[in-house]
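These notes concern the structure reproduced below.
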Amino acid sequence: MTGDAFRLVLLNLLFLAAGCGVTGALGWWRGRSILRVAGLSYLVGVASFGVTAQFLYVCGASLATWQVIVVCAVLAAGALRPRGISAAPAPPRTRWGLAAIPVVAMLALLAVDLWYQPLWAYDAWTFWTPKAHALWALGGLDAGWFTQANLTSPDYPILLPAVEAAGFHFTGYETSLLDLQSLVFFAAFLRAVYELTVADVMPAVLWAVLAMLAVAPSVTDQLAAAEADVPVAVFFATAGLCGGRWLRDGHPRALATAGVLAAGAAATKVEGLAFAIALFAVLVAFAWRLRGPSVWSPLVVGAAATVAGIVPWRIWLSAHHVANQASASRVTGAGFLLHHLVRVPEAAAYMFAKMVDPRAWLFVVPLFVFACVVASRHGARRLVVYACATGVLAFAGLVMAYWSTRLGFDFQLRTSARRVVTGIVLFCAAATPLLAPRA
């Protein structure tokens, strides 16, 4: 298994190289400053590879090992001649850098724990991992297997199975390494939050957020499950942070990066599309209100992210007559929705309780609320409105999903709410330091 772990590291280095190519083309780094955006580059690389892989699978590709390498190499080509618009600034040297020690130590402990944990989660064994195994073993998107009647959630997009299948091409069918892959996603997210905020925010707030996320009990539980909730949450939260940077600084690269990550979220899980729509709906509203020269930019980027992340997959589902759980009929059936109106307050209250439960997320959400109150009194109302509106719209999307479901409402709510709120919690966490500038 040790050799397989080294090959998993090799795959993740390919994802990092792919992401460095994309972030270099967007102007995030030049020269040695590439190290200052390593976490962001990794997440962009996984999102770019996953969206591309889903499209190639739909087109009939097998994505063998050499094809995985070629896709990553093509994406990495941007690193050969980065645009270098303005490199990421070096973080200030303070004693707060010592706060990284307990965060890194906790991630190391998690790595040891996940190394010895088997893959035990029900959803992982019923459809996430089987889909990845099928992509690897059957040499692509086999219509006979992926449309079978007894397959759980056949309409879910396949970014995560595509990433895991790429891992199987390097390591063989080693499911015990999937927990470690989830940890890499999460560690890259913590690094990305640090990279995007450390230069101009209060270090105490930044490290409080990073420390709480590193030790949050819900994170430990979900990493061991190796399901799609952590990846979709990481993509959405980082996209939201990039959207906030664009709103604050006006850099086009931040908006474009938000689009890449939002496409990754939409291609990861059904609620990822709702998160992406919520994010860009708010950005479009702000752009229209400000009437600046980039008024159409968020609309174009958001539309492109949606098309790239989900449209090819939806076309494949339609062509093979696979029922779509997220179809428009769920939200347009007025009679059904009126009959089940009581679900709205029940789902909202239950999910909110899971978000603020200190036994799951410590004080991540209360700290976000406190930061919003303080920031609104110190001239940062635009960012406060952006963060709150995005979070509320994303939360409303989850409420709508539970309200309109034709499956068992109580069972779904009790078994999935604690996981699906992860995206909103991580978004709140990522937005918190952005609301606390040094000044």
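The values are calculated or read from the model by the stated rules, or taken from the named source; none is laboratory data. What you are looking at is a predicted structure, and each value in this text was computed from that prediction instead of being measured. Glycine also receives a Cβ, built like all others from the backbone with ideal geometry; neighbour counts cover every protein chain displayed.
In this structure, does ALA188 turn out to be under 25 Å from LYS269 (Cα atoms), outside any loop (DSSP other than H, G, I, E, B) and of a type in the set (A, V, I, L, M, F, W, C)?
So ALA188 passes the test.
Among the residues of the stretch 144-158, is there at least one that is closer than 18 Å to ALA61 by Cβ, more than 22 Å from the chain's Cα centre (by Cα), among the hydrophobic types (A, V, I, L, M, F, W, C) and part of a helix (DSSP H, G or I)?
Yes: the stretch 144-158 contains one or more residues that are closer than 18 Å to ALA61 by Cβ, more than 22 Å from the chain's Cα centre (by Cα), among the hydrophobic types (A, V, I, L, M, F, W, C) and part of a helix (DSSP H, G or I).
So which helices (runs of 4 or more DSSP H) are wholly in the stretch 225-324 and hold at least 1 residues that are more than 23 Å from ILE424 (Cα to Cα) and either among the hydroxyl-bearing types (Ser, Thr, Tyr) or in contact with a strand residue (DSSP E or B) (Cβ under 8 Å, 6 or more places away or on another chain) (or both)?
297-319
Out of the stretch 270-301, which residues are over 19 Å from the mean Cα position of the chain (by Cα) and closer than 30 Å to SER404 by Cα?
VAL284, ALA285, PHE286, LEU299, VAL300 - these are the residues of the stretch 270-301 that are over 19 Å from the mean Cα position of the chain (by Cα) and closer than 30 Å to SER404 by Cα.
Tell me whether the stretch 187-197 contains one or more residues that are polar (S, T, N, Q), more than 19 Å from TRP361 (Cβ to Cβ) and in contact (Cβ under 8 Å) with a residue 60 or more places away in the chain.
For the stretch 187-197, residues polar (S, T, N, Q), more than 19 Å from TRP361 (Cβ to Cβ) and in contact (Cβ under 8 Å) with a residue 60 or more places away in the chain: present.
Would a scan of the stretch 37-52 turn up a residue that is within 21 Å of HIS251 (Cα to Cα), touching a residue at least 60 places away in the same chain (Cβ under 8 Å) and surrounded by fewer than 23 Cβ atoms within 10 Å (Cβ to Cβ)?
yes
Quick check on the stretch 113-134. Is at least one of its residues small (Gly, Ala, Ser), at pLDDT 90 or above, under 16 Å from PHE185 (Cβ atoms) and surrounded by fewer than 17 Cβ atoms within 10 Å (Cβ to Cβ)?
Checked the stretch 113-134: no residue is small (Gly, Ala, Ser), at pLDDT 90 or above, under 16 Å from PHE185 (Cβ atoms) and surrounded by fewer than 17 Cβ atoms within 10 Å (Cβ to Cβ).
Residues LEU14, LEU56, LEU75: which one is in contact with a Ser or Thr (Cβ under 6 Å, 6 or more places away or on another chain), surrounded by 13 or more Cβ atoms within 10 Å (Cβ to Cβ) and modelled with pLDDT of 95 or more?
Matching residue, one of LEU14, LEU56, LEU75: LEU75.
Quick test for you: out of GLY167, GLY139, GLY172, pick the one residue that is modelled with pLDDT of 90 or more, surrounded by fewer than 18 Cβ atoms within 10 Å (Cβ to Cβ) and more than 15 Å from the chain's Cα centre (by Cα).
None of the other options fit; the residue is GLY139.
Please list, ordered by first then second residue, the pairs with beta carbon atoms under 6 Å, 6 or more apart or interchain, first in the stretch 358-376 and of a type in the set (Gly, Ala, Ser), second surrounded by 19 or more Cβ atoms within 10 Å (Cβ to Cβ) and not in a helix (DSSP H, G or I).
Partner pairs satisfying both residue conditions: ALA371/LEU435; ALA371/ALA436; ALA375/LEU435.
Quick check on my filter: what residues within the stretch 124-134 are out of contact with any Pro (no Cβ under 6 Å at 6 or more places or on another chain) and under 26 Å from THR2 (Cα atoms)?
ALA124, TRP125, TRP128, THR129, PRO130, HIS133, ALA134, listed by residue number.
Is it true that VAL215 is farther than 19 Å from VAL44 by Cα, surrounded by fewer than 23 Cβ atoms within 10 Å (Cβ to Cβ) and of a type outside the set (S, T, N, Q)?
Yes, satisfied.
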